[in-house]
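J.: For reference, the structure I am asking about is given below.
Since every read-out is calculated from the coordinates, none of them should be taken as a lab result. All values derive from a computational prediction rather than experimental measurement. Quick reminder, even Gly has a Cβ in these numbers, built from the backbone with ideal geometry, and neighbours come from all protein chains shown.
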Amino acid sequence: MTEEQLKQLIGAAVGRKKAKHAGMNSLAKMPNRPMILIDNPRGHRPNAFTIPLCITSNRANHARMMSSDYDDDYYKAQQYYNHYYSIFNVDGSPPLVPPPPPPPYRPPPPRSNERSLTHTNPEGKASMVDVGHKDTSARVALASGVVHLPPEVYQLVSQNEMKKGDVLSVAQLAGIMGAKRTSDLIPLCHNIPIDKVSVELRLDDEALRITCEVHSHGRTGIEMEALVGVSVAALTVYDMCKAVSQDITISDIQLEKKTGGVRGDFFRSEP
């Protein structure tokens, strides 16, 4: 078949198409037939895809298939083309898909009010708590206590005339040492690295008020160190003053505050 006969065959196939395919007759007269675009009834969509149909082969077998297969190919392409546009917005942009609904609300399990001792095992025996899984955090504890002194003892302490020496200075050092040795005195306490111990003693209305503040970075609380510091300082005052009078009372040793840890902070309310 000559090239002229091939052009006539293609032209006849294209000429039998309906009016909506107008303009395709020019393909038969073009030596190099380019790709063509199938128009959409909705108009040009610059942001959407277009489905090209191409006729590029000069071979005779493609020409023979053109007239019989063109309708099917065009129909399939147009169906896909229409379906693609149906899932897009008018301007060709992807549709706004609503987000999936949130999961149903599930209230947290009720927090149990029951508390149990942590220093006993299931058999009720003493057991040291494992704190290896806890995170290290900054912790502070402040404890206080009061030593009530008889008038004669109070006067000697305030004037620093005790035979054993400076009661306030010795008791202060004893409180610091006691806080540092807490794990040696309390069986199930952990040996905690201490950053700071501050012990203060103040005379007030025939009483000696003691405070001990301890700072640490560790995995467990530092409250016991503060309480032991106050206790040892108070006992030291008693030891240095008992030669004058045994009518000395130690009272109100208590935790005033603690910060850090999983259980949160604690601050004692004013009476």
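J.: If r is the Cβ-Cβ distance from PHE267 to LYS163 and R0 is 51 Å, what FRET efficiency results, to the nearest 0.05?
T.: Numbers: r = 41 Å, r/R0 = 0.80.
Here the calculated transfer efficiency is 0.80.
J.: Turning to a different aspect of this structure: Restricting the calculation to Cα positions, tell me the Rg (one decimal) and the Dmax (whole number) of region 137-267 in Å.
T.: When restricted to the Cα atoms of region 137-267, Rg and Dmax are 15.3, 48 Å.
J.: Related question: Just add up the charged neighbours of VAL146: K/R +1, D/E -1, any other residue whose Cβ is under 11 Å from the Cβ of VAL146.
T.: -2
J.: Oh, and also: Extending each Cα 7 Å along its Cβ direction at ILE186 and GLU200, get the distance between those two points in nm, one decimal.
T.: Those two pseudo-labels are separated by 2.3 nm.
J.: So, one more: Taking the Cβ of VAL232 as the center, what net charge do the other residues with Cβ under 11 Å away carry, scoring Lys and Arg +1 and Asp and Glu -1? Before the final figure, lay out the partial values.
T.: Numbers: positive: LYS180, ARG181; negative: GLU225, ASP239.
My count for the surroundings of VAL232 gives 0.
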